[in-house]
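The structure appears right after this line, and notes come after that.
Just so it is clear, none of the values below were taken in a lab; they were calculated from the coordinates. Given the structure is predicted, the values throughout are model-derived calculations rather than measurements. Using ideal geometry, Cβ is built from the backbone for each residue, glycine included, and neighbour counts are taken over all protein chains shown.
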Amino acid sequence: MTDRITHLIHHPYQPPGGFEAPQAGVFKASTVFFPTVAAMRSREWKDKSAYTYGLHGTPTSYALEERLATLEGGAECLLVPSGLAALGLVAMSLLKSGDEVLVPDNAYGPNKSIVEGELKGWGITHQYYDPMDPQDLEAQISSRTKLVWLEAAGSVTLEFPNLVEMVRICQRRKVLTALDNTWGAGLAFNAFDLVPGAQVPVAVDISAHALTKYPSGGGDVLMGSVVTRNPSLHLKLKLTHMRFGIGVGMNDVEAVLRSLPTIGLRYRAHDVATRALAVWAQTQPEFVQVLHPALPKSPGHGHWMALTGGEEGTAAGLFSVMLDARFTQAQTDAFCDALKLFKLGYSWGGPISLVVPYELETMRTAWPAHLLPGTLVRFSVGLEDAADLQADIAQALEVLR
Ligand SMILES: *Cc1c(COP(=O)(O)O)cnc(C)c1O
C-alpha cells in the first residue's frame, strides 16, 4: 500500500478494547464487514447473534432494544422512526385484505387516520368501540377481527378503560391485542402482566410506545418501539420491519439511551406536578370538568386505581379540562394564547409544558356520555415548578373573566 489516502482509508490502527464508561458507545453503520464469503452467506440476521447491515441494528440499537423490552416487561423489541411508525408497523404486519381491526373511539388521532386513510384502501375494515364499555368491544369481535387496539388512558380525554377486562375478552376470543403504551410508558403498569399473580397471565400481545415522549424526555427525538413476548409474533413484525426498511438513526438511539436511566424520576416528577395542578383546576369555575385518572370524578378512576395500585400508583403528566360550554372556541383559543409557560405544541414528556385546544366533536363518532359539553384543552406538564405553572393558568383565565 503506497498511496497515503488508501492507507488512511484502510488504516490498521485498532484502539484497545475493554473501554467501559457510563454511556454506551455509538456504533453507526450502513455497511457491516464480514471476514469471509462463507460468513456473509451464513449470517443470521433475524436474531441478535451478530451484525449484518445497519438496518438490522448495531450494538447501540441492540442495547436500547434490550433495555426497552426489560422496561416494558416484554422479551423482544423493534425500533422504528416514530411512535406513529410503531402503530403503522403493527397494522401492516398483522392485517391482510378482508381482516377487521377494532380501535377505541378515543384512540390517538393519527391511528384513526391509519385505519381510515390507508387500511381501508387495502380492503381492511375497522370498527370503533366505546373504550369505557368492554361489552361493546366484545360485541364487535367477529371472525374477521384480527387485531384490537387498546389505549390506557385515552391520549386526549384521559378516561381510563377497564384494560384487564378488555384484554381478558380478547384472550378468550383469541384476538391479538396491541396496546398503545405511551401513557403508561412501562412504568404505570406492566402490559405483559396486568394482574400480577393471576393463574393465566393477563397480557397484551404487543406494546407500541412513542419513545418520543418519556423515554426521550427532551422534546428533541422522534422514535417508536414495538415490544412483544411471543417469539413468532416478534419474527412476523421483524420481517415486515425489514421488508419496509423502517430502521432508526444511531444518534437518535444514543439520545434515548442517555435519557432512559432517569425515566422513573422524570415520570414521577411530571406525575406529582400534574396531580397538584389537576386538583387545583377543579376549583376553577371556568373548568366544568377536569380529566385525570387519579381524580375520583374522572372517568375510569376506579380502573386506574385497580391497575396501578391506587394512590401509590403513577400516572403520566397529562390532564385535560373542559371549559364551560358558554365559552366559544375563540375564547378557548384566546385562553390558550394567553398562557406563557405552557407553549402551544404537540407531543409531551419533555421539560417544557405544552397546551393544545382540541375540537372533540371532529375526533369522536359521538360526544361521549361521560364528558360534559364544552371545549377541551389538554395540558402536558413539564418539569417547571408546579406553583409557577398554576400561576400561569390563573393569569390566562383572566381573559375569560
Ligand atoms: C405521540 C404519540 C404517538 C406517536 O408518537 P410520534 O413519535 O409523535 O409519532 C402515538 N401514540 C400516542 C398515545 C402518542 O401520545
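Ellipsoid fit via the Cα gyration tensor, the stretch 235-295: semi-axes of 39, 18, 10 Å, each the root of five times an eigenvalue, largest first. For residue 75 and residue 20, FRET efficiency with R0 = 22 Å and r from the beta-carbon atoms, rounded to 0.05? My answer for the efficiency is 0.25.
Between residue 284 and residue 329, the simple label model (points 7 Å from Cα in the Cβ direction) yields a spacing of 2.1 nm.
Computed 3J(HN,Hα) for the stretch 286-296, one whole-Hz value per residue from the Karplus formula 6.51 cos²θ - 1.76 cosθ + 1.60 where θ = phi - 60°, is 5, 8, 7, 8, 10, 10, 6, x, 7, 7, x, glycine and proline marked x. In straight-distance terms, cross-link reach from residue 213 covers every one of the aspartates and glutamates whose alpha-carbon lies under 18 Å from its own, apart from those fewer than eight places away in the same chain; here that gives 65, 72, 151, 180, 252, 254, 271, 384. Here the stretch 54-261 yields Rg over Rh of 0.94, to two decimals, using C-alpha coordinates and the Kirkwood radius. Taking the alpha carbon gyration tensor of the chain, multiplying each eigenvalue by 5 and rooting it gives semi-axes of 40, 27, 19 Å, largest first. Positive end of the dipole of the stretch 262-400 (Cβ unit charges, origin at the Cα centre): among 381, 265, 353, the Cα lying farthest that way belongs to 265.
A straight Cα-to-Cα reach below 14 Å connects residue 146 with the aspartates and glutamates 99, 100, 138, 205, residues fewer than 8 places away in its own chain not being considered. A Cβ-based charge dipole, computed about the Cα centre of the stretch 54-261 with Lys and Arg at +1 and Asp and Glu at -1, lands at about 620 debye.
In this structure, the amide hydrogen of residue 99, modeled 1.01 Å from its nitrogen in the peptide plane, lies closer than 5 angstrom to those of 125, counting only residues at least 5 positions away or on a different chain. The radius of gyration of the Cα set in the stretch 327-401, together with its Dmax, comes out at 13.2, 38 angstrom. Taking amide H as placed 1.01 Å from N in the peptide plane, residue 160 has its amide H under 5 Å from the amide H of 300, 301, each at least 5 places away in sequence or on another chain.
For the stretch 262-400, the residue among 396, 328, 279 whose Cα projects farthest onto the positive side of the dipole built from Cβ charges is 279.
If you take every DSSP beta bridge fully contained in the chain, what fraction is antiparallel? Give it as a percent rounded to 5. Within the chain, antiparallel bridges account for around 60 percent of the total. Among the trypsin sites (Lys or Arg not before Pro) in the stretch 62-148, those placed in a DSSP loop whose Cβ has at most 15 other Cβ atoms within 10 Å are 96, 144. Each stretch of four or more DSSP H residues adds -39500 (n - 2.57); spread over every residue of the chain, this sum gives -10000 deg cm²/dmol at 222 nm. In a reduced charge model with +1 at each Lys and Arg Cβ and -1 at each Asp and Glu Cβ, the chain shows a dipole moment near 1240 debye about its Cα centre. Of the trypsin sites (Lys or Arg not before Pro) in the stretch 228-326, the ones in a loop by DSSP (not H, G, I, E or B) with at most 14 other beta carbons within 10 Å are 297, 326.
Counting 0.36 nm for each residue step from residue 53 to residue 369 and taking away their Cα separation leaves a gain of 108.6 nm. Among the GluC sites (Glu not before Pro) found in the stretch 323-401, those both in a DSSP coil and sparsely packed, with 12 or fewer other Cβ atoms within 10 Å of their Cβ, are 359.
Magnitude of the charge dipole for the stretch 341-399, about its Cα centre and with charges confined to Cβ atoms of Lys, Arg (+1) and Asp, Glu (-1), is about 280 debye. Put simply, the amide H of residue 129, placed in the peptide plane, has neighbours under 5 Å in 103, 105, leaving out anything fewer than 5 places away on its chain.
Projecting the Cα positions of 210, 115, 57 onto the charge dipole of the chain (unit charges on Cβ atoms of Lys, Arg, Asp and Glu, taken about the Cα centre) puts 57 furthest along the positive direction.
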